[in-house]
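K.L.:
Next up is a structure, given as structure tokens.
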Amino acid sequence: MAAPWGDVLRNEAAVQEAARVAVDAALLAGVLMRTEGEPNASDVVNYAPFTLLPSAVPSALFEQAYAVQQDFNLLVDAISQNKEFLEHTLASTIKVDDFTARLFGIYMQVLEEGLAQSVFLGINRSDYMFDRGVDGTPALKQIEINTIAASFGGLTSRTVAVHGQVLKVLGKSKEASRLLPNNPSKGLALGIAKAWELYGSPSAVVMFLVEEVQRNIFDQRCVENELWNRNIRVIRRRFRDVFEKGSLDDARRLYMDGQEVAVVYYREGYVPKNYDQQNWEARLLLERSRAVKCPDIATQLAGTKKVQQELSQPGTLEKLLPGRAEAVARIRATFAGLYSLDVGEEGDKIAAMAIADPDRFVLKPQREGGGNNLYGEELRQVLEKIRDSPERTSYILMDKIKPQPAMNYLLRAHSPLQVSECISELGIFGVYIRQGEEMVMNEAAGHLLRTKAIEHADGGVAAGVAVLDTPYLV
């Protein structure tokens, strides 16, 4: 599965020159992040970390990932509408995981009151790795699906041009012309714009709900600018602003600083540290409103690891997607082995199996944002500690995917230039809109390739481990 860069990797002078060109190209193209020292200021910025060379991706698996995205969109939407399924699936988790329990509490409260929202917008990203089978053939295996704040659709839209420039400088114009165009920021903005239009109030705004620390602002600005180009007003607010200045009128329309809000696009709210008591109250206010939430709380719950594990149970997909046998088959083909640690004989057996052979598995808590999973010795220690406690039900167990590493250079500000053995993860962005019962949009909206050195088991670009990349189809 090697890309044709072997000659480059052996030529140190060419690598040094290409790296200089690459960094300047990234700055020119706007592949930018704020610095750790000044995370809320844009007067000092640097390039977002990225690979020097595009990474090889098997074209058949790339096409498979795109082909199944609309199925995953339908699945997430079906789960979000299925109260019995969410109640049953999360019953054990909410007893031991306070964060999931708080989200679930808001979900039940909003359902009881009756949903004011009639237009539903989903922006998700389904992430995969290429598992090397016993015979060496790679297979597409899903890591997870992110249903809230799926990031880097903006910066990855600008990374292709950088890699194209690098390849040209290295005398590989033919290869440069084979890089696929990719613009998720446009696809995500199209979804938000359509939801805004269906909300039906031309003077209403789109509100990006953002974190207190905003290092990754340029990624969001890419999507934001696409909306401004369509003359849709965008405001950026934090939970605390919503708590202080947000209000609902009698029709449960949401107002911020006197402006009606049509769409709330969450780039925040996916980990416990995003919430204090005020922020939970702000979240409830948003969920009770008529505004289109991306995601609404049911869709956020649909992205939990416990739901992912439950989907792998025989017959579950068929119940959620009745009469869609082909979609079910496409989805199931991407599943790695997933195991429940629920209390009982089966869960005891699974826990014992993982403790005996920890390198075979990944232990996943109900958390988003990267850097949370446990591997190897750490996995064994944690499981031994909680094996007889209900706390283990806040985790799921998954087969560890073993991709074929490849050599590349990972470019990071203020880091030495050195070759690394790397593995990649492919994400496909999905956008869908449902109005009442009718699906009015269901698209794959572009892709994201992230690459990291093999010594890092877990973590994405925002977590400082993976870097942005471009697929080179082989």
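The values are calculated or read from the model by the stated rules, or taken from the named source; none is laboratory data. Every value quoted in this text rests on a predicted model; they were computed, and no experiment measured them. Quick reminder, even Gly has a Cβ in these numbers, built from the backbone with ideal geometry, and neighbours come from all protein chains shown. Note: areas computed on protein heavy atoms with side chains; ligands, DNA, RNA excluded. Shrake-Rupley method; radii C 1.70, N 1.55, O 1.52, S 1.80 Å.
K.L.:
Taking segment 406-454 only, how many residues are of a type in the set (Ser, Thr, Tyr) and in a loop (DSSP other than H, G, I, E, B)?
P.N.:
1
K.L.:
For residues that are hydrophobic (A, V, I, L, M, F, W, C) and open to solvent by 60 Å² or more (accessible area, probe 1.4 Å), tally how many sit in segment 99-120.
P.N.:
Residues that pass the stated criteria total 2.
K.L.:
Which one of Asn225, Asn183, Asn146 is in contact with a strand residue (DSSP E or B) (Cβ under 7 Å, 6 or more places away or on another chain) and either open to solvent by less than 20 Å² (accessible area, probe 1.4 Å) or more than 23 Å from Val440 (Cβ to Cβ) (or both)?
P.N.:
Working: Asn225 fails: in contact with a strand residue (DSSP E or B) (Cβ under 7 Å, 6 or more places away or on another chain); Asn183 fails: either open to solvent by less than 20 Å² (accessible area, probe 1.4 Å) or more than 23 Å from Val440 (Cβ to Cβ) (or both).
On inspection, the qualifying residue turns out to be Asn146.
K.L.:
Please work out which one of (1) touching a Leu at 6+ places or on another chain (Cβ under 8 Å); (2) open to solvent by 40 Å² or more (accessible area, probe 1.4 Å) is the condition Leu167 fails and give its number.
P.N.:
Every condition holds for Leu167 apart from (2).
K.L.:
Answer yes if at least one residue in segment 362-378 is open to solvent by 10 Å² or more (accessible area, probe 1.4 Å), modelled with pLDDT of 95 or more, among the acidic types (Asp, Glu) and closer than 30 Å to Val223 by Cβ, and no otherwise.
P.N.:
No, that holds for no residue.
K.L.:
Hey, another quick one. Name the residues in segment 29-59 that are surrounded by fewer than 19 Cβ atoms within 10 Å (Cβ to Cβ) and under 16 Å from Leu167 (Cβ atoms), would you?
P.N.:
The answer is Ala29, and nothing else.
K.L.:
Which residues, taken from segment 348-378, are in a loop (DSSP other than H, G, I, E, B) and either within 30 Å of Gly6 (Cα to Cα) or out of contact with any Leu (no Cβ under 7 Å at 6 or more places or on another chain) (or both)?
P.N.:
Matches in segment 348-378: Asp357, Gln366, Arg367, Glu368, Gly369, Gly370, Gly371, Asn372.
K.L.:
Looking at segment 379-393 only, could you name the residues that are assigned to a helix (DSSP H, G or I) and either open to solvent by less than 20 Å² (accessible area, probe 1.4 Å) or more than 25 Å from Gly303 (Cα to Cα) (or both)?
P.N.:
Correct list: Leu379, Arg380, Gln381, Leu383, Glu384, Lys385, Ile386, Arg392, Thr393.
K.L.:
To continue, here is another question. Is it the case that segment 292-304 has a residue that's assigned to a loop (DSSP other than H, G, I, E, B) and open to solvent by 30 Å² or more (accessible area, probe 1.4 Å)?
P.N.:
Scanning segment 292-304 turns up no residue that is assigned to a loop (DSSP other than H, G, I, E, B) and open to solvent by 30 Å² or more (accessible area, probe 1.4 Å).
K.L.:
Right, next: So Val261 passes all but one of these: (1) under 21 Å from Ala189 (Cα atoms); (2) assigned to a helix (DSSP H, G or I); (3) touching a strand residue (DSSP E or B) at 6+ places or on another chain (Cβ under 7 Å). Which condition number does it fail?
P.N.:
It fails just one condition, (2).
K.L.:
When only residues in segment 342-361 that are within 26 Å of Gly303 (Cβ to Cβ) and among the small types (Gly, Ala, Ser) count, which is surrounded by the fewest Cβ atoms within 10 Å (Cβ to Cβ)?
P.N.:
Filtering segment 342-361 for residues that are within 26 Å of Gly303 (Cβ to Cβ) and among the small types (Gly, Ala, Ser), the one surrounded by the fewest Cβ atoms within 10 Å (Cβ to Cβ) comes out as Gly344.
K.L.:
Looking only at residues in segment 70-98 that are β-branched (Val, Ile, Thr) and touching a residue at least 12 places away in the same chain (Cβ under 8 Å), which one is surrounded by the fewest Cβ atoms within 10 Å (Cβ to Cβ)?
P.N.:
Out of the qualifying residues, it is Val96.
K.L.:
Read through the list (1) open to solvent by 10 Å² or more (accessible area, probe 1.4 Å); (2) out of contact with any Lys or Arg (no Cβ under 6 Å at 6 or more places or on another chain); (3) closer than 19 Å to Arg125 by Cβ, then give the number of the only condition that Ala336 fails.
P.N.:
(2)
Residues are listed down the side, and each one gets a yes or a no for (1) in a strand (DSSP E or B); (2) of a type in the set (A, V, I, L, M); (3) out of contact with any Asp or Glu (no Cβ under 9 Å at 6 or more places or on another chain):
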position	(1), (2), (3)
Glu84	no, no, yes
Thr100	no, no, yes
Gly105	no, no, yes
Gln109	no, no, no
Asn124	yes, no, yes
Ile143	yes, yes, no
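K.L.:
Now for a different question. Report, by residue number, each residue of segment 329-347 that is free of Cβ contacts under 8 Å to residues at least 40 places away in the same chain and assigned to a helix (DSSP H, G or I).
P.N.:
Ala329, Arg332, Glu345, Glu346
K.L.:
I'm told Arg324 meets every condition in (1) at negative phi; (2) open to solvent by less than 30 Å² (accessible area, probe 1.4 Å) except one. Can you identify the failing condition by its number?
P.N.:
Unmet for Arg324, out of (1) at negative phi; (2) open to solvent by less than 30 Å² (accessible area, probe 1.4 Å): (2).
K.L.:
Same structure again: What number of residues within segment 375-418 are without any contact (Cβ under 8 Å) to a residue 24 or more places away in the chain and outside the structural domain of Leu167 (by the TED database)?
P.N.:
8
K.L.:
Hey, which of the strands (runs of 3 or more DSSP E) in segment 165-250, taking only ones fully inside, have at least 1 residues that are of a type in the set (Lys, Arg)?
P.N.:
234-237
K.L.:
Which count do you get for residues in segment 394-412 that are open to solvent by 30 Å² or more (accessible area, probe 1.4 Å), more than 22 Å from Asn11 (Cα to Cα) and not polar (S, T, N, Q)?
P.N.:
Summing the residues that are open to solvent by 30 Å² or more (accessible area, probe 1.4 Å), more than 22 Å from Asn11 (Cα to Cα) and not polar (S, T, N, Q) in segment 394-412 gives 4.
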